[in-house]
Every structure is written in C-alpha cells, then in structure tokens.
Amino acid sequence: MFDNLLYQPVSALLHDDIMQNRLPGALLLSGPVASGKLTCALELSRILSCTGDGVHERGYWLCTCSACRKSKELAFPNVLLAGSRDCILEIKAAKKAFLEAAMQNASVLAATRYLFVRAVRKLTMRFSQILWEGDPQLPKFAPCLQAIDEELERIAVEKPLPENEKLVKTCAEIEKQAEKLESGFMYDSLPISQIRRASAWAHLKSAGGKKVFIIENAESMNEAARNALLKTLEEPPEDTVFVLTTTRRGAVMPTILSRVRTYTLTERTLAEQQEVLERVFHTTCVPGESGTITRYLQTFLPVTPEVIHAQAVAFLETVKSAGGSGMTAISGMVKACAGFEPRVIFRLFLQSLMTQFTMENASQAEGAATAVQALRDCYNNVQLYNQTPQAALERLWRDLFMALRQRG
C-alpha cells in the first residue's frame, strides 16, 4: 500500500489503520506544499475500492482489478475531488516526461503515460458534473472538458500510442485546453453549492467499495462552505470517507478539526525531493538553486520566479517614489510577467510584493494591515470579479500610494 507515496512515514500508519479497520470516516491530511497530500488521498481512495486479485493483499499497487485500473487513471466514479489548485505546471512537467519517454521508447513510458493522464485529471475532476450540475458556468467550460476527454481517449492506457507527430499535437491540445479551463474557471474558494451537491452524492448507496470525497486546501473554504461541510460531518454517511487536505492545520475551523482525525505529512529533505523528481518526473537534472519539487515545477512558468520578484520590487518602488510614471509603468510589468498567465504568476507576484512590503514596514502594524487588505482586494478583483491584472494593479497602486501618503 501507498507505494507511490515516497518518504512519508504516515503511509505506515494509514496502512495499519486500514488493515485493522480503524480508518475514520473523516480525516485530515496536513503537511507542507508538495509533500504528497493529494497523492496520499487519491491512493487511499484506490485502496478503499480495491477488490483484490486473489494473490496479494488489498491495495497492492500492481493490482489488476477493475477498480484499481480505473483508479490509477483517476477515472473511477467512486471519487469526487474539489478545492482550488494550480494544476497546469504539473501538467506541463508530466507532458515533458511523457513525450521524452515516448520519443525514446523508454522503459518508463507506461509510467509517464499514467503520470500525464493523472496530472490532467487532477484538474478535470474538479469540474465533475456532479459538483457543477445546474451551475451557469457548466455550459461555458463544458467544451473544454469535452475537448480534453476526446484527446485523452487518443492516449488511453489500453490503446497503442499515436505516431510521434500526432502524439505531440494531442498533448499540446490537452495542455492548451487545460490552461483555458484552469485560467478561466478554477475557483479560489470552494462554493457552498458544491459542498451540498457532494453531500447528496455521499448519501447515495455505493455500487461497490467506499466512496471518497476529497477536498484540497480545506482551510480556504469560506464560512458558508465550512458550515455546510460541518453539517455533513456531524452525521456522516456510512459509505463515504471524507478526506481533507491542508498546508495550515491551524487555519481549519476548530469544529471541523474536532470531527476529523489528522494524519501529518512531513517536509521531505532536499535529497528526498530530488529522488521524488527522478522517480516521478524522470528528470535527473534538477534546475534551480534549491532543487525542490516546487522549484522544478516553476521552471515551466513562462517567466522565472526571479523576474516575477524583480517586477514586484519595481512595482513597490513606483509606489514609494510617487512619480508620475508609476501608473504607466504597470503595463510594462504586466508584459514582463507574461500577462500573468498562468494565474499562479499573479499569486507569486502578490506574495513577493507582500513580503517586500512587510519587511520594510515591520514596525508599523497599521501600514502592514492596510497592505494585506489591499493585496487581498487586488487578488479577488482578478480571481473573483474577472478584472484584468492591469486594472487590478492600477487600483492596488492607488490604494498603497494613499496608505503611504496618509501615514506620512
């Protein structure tokens, strides 16, 4: 069990709880970024649905039962996945590994095919009709989903791969549609409507095995969604296991914490993270100074983190100098940051800006609080209200300029 969850001692604890029938109906996987929380949750769902091959213990990684085959492709109907996540960098990294293996007919070809398919479905699963039924957004993103599904069918695991040129085009189209789906429709806070629909699904009788509802980044749910989830957890259905993940356990609502059992994932060492990259993404040359998983994925951004940081520093300098060129310089910053696409670039820009502002204003709590609120408003203006990054940054410039001016 949990063979694909590398360097995480929690896998032994989960194994024992499953084998001893002690697994709770609701659990929280808590750990740092890129520690394998979603991998753990998805593997848990596979194990709970496994019917076994009659030879190995339940949950054997190479089990060939129908449930396991579907689960490995993330196509098993007993699993719902919700919660905000930036998926596109993992998709790009998995695509690179898959195409390189295909071009070389490498021994890891089968593994990288699964890697790419799973990376894409980690995104598309969040747009399940079960979660979005009746939502006015559904008809808008349905063409993206259909296009992705049609292209994924061309590289289905049980089929021979297309010729190299066609394979490259197929993967490029999948990536293009995935970027469109994530950029245009990924929510930042899990809607209460999806919690209600998932709760109704959870109470339906399962055709076989346990159903699993996974909520990533549970700490980012708004109050209405948290309360709706809490109501479900107070009277949990017997056939469904709820798996929440978080990077900040202390930010999860205490009443929810009281109804889940926490399993803690640890920070992997640098050497362990590099081995994960080698074994999962089949890269032996880890770019970047740190060599972490996060740093590797960021190499697939159209601009480097250093450029993003430099632009954030330049933005703050224009605010402090109060020069007339401050507002006009913003268009150049947007261009330098590739138009803030994919959306993770905008988040990294604001995070860097926040770090710079708080470092320079650590002794002035009021100024830091004003900046935090202005940055949140800026992010929400783009992610929730579809304002362009340029317009949002122009508003942020004015807000920060006025805050600094009032402070004197």
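The values are calculated or read from the model by the stated rules, or taken from the named source; none is laboratory data. Not measured: the values here are computed from a predicted model. Note that each Cβ is placed from the backbone with ideal geometry, even for glycine, and that neighbours are counted across all protein chains shown. SASA here: full protein model, heavy atoms, side chains in, ligands and nucleic acids out. Shrake-Rupley method; radii C 1.70, N 1.55, O 1.52, S 1.80 Å.
Quick one: angle between helix 223-234 and the longest Cα principal axis of the chain, in degrees between 0 and 90, rounded to 10, please. That helix lies at roughly 20 degrees to the long axis. Looking at the chain, what % of the alpha carbon pairs are farther apart than 38 Å? For the chain, the fraction of Cα-Cα distances above 38 Å is 24 percent. Rolling a 1.4 Å probe over the protein heavy atoms leaves LEU384 with an accessible area of roughly 90 Å².
Simple point charges give the picture: +1 on the Cβ of Lys and Arg, -1 on the Cβ of Asp and Glu, and for the range 1-157 a dipole about the Cα centre of about 220 debye.
The order of SER258, SER49 by accessible area, most exposed first and with a 1.4 Å probe, is SER258, SER49. Ordered from highest to lowest accessible area with the whole protein assembly present and a 1.4 Å probe, HIS15, HIS309 read as HIS309, HIS15. Note on the chain: GNM, Cα springs under 10 Å; of GLN274, GLN20, GLN129, the largest mean-square fluctuation is that of GLN20. Think of each Lys and Arg Cβ as +1 and each Asp and Glu Cβ as -1; about the Cα centre, that makes the dipole of the range 90-225 roughly 360 debye. Normalised per residue, the accessible area of the chain is 46 Å², obtained with a 1.4 Å probe and no contribution from ligands, DNA or RNA. With a 1.4 Å probe and all protein chains left in place, how much of the accessible area of the chain comes from carbon and sulfur atoms, in whole percent? C and S atoms contribute 52 percent here.
In debye, nearest 20, what is the charge dipole magnitude of the chain about its Cα centre with +1 on Lys and Arg Cβ and -1 on Asp and Glu Cβ, if you could check?
460 debye
For a label point 7 Å from the Cα of ALA251 along Cα→C-beta, name the residues of the range 7-50 whose backbone N is under 13 Å from it. Those under the cut-off are 31-33. When the Gaussian network model of the chain links Cα atoms closer than 10 Å, the mean-square fluctuations of ALA142, ALA369, ALA110 top out at ALA369. The listed residues LYS70, LYS169, once ranked by accessible area (1.4 Å probe) with the largest placed first, stand as LYS169, LYS70. Each residue of the range 8-159 gets 146 Å³ once the volume of the Cα convex hull is shared out per residue.
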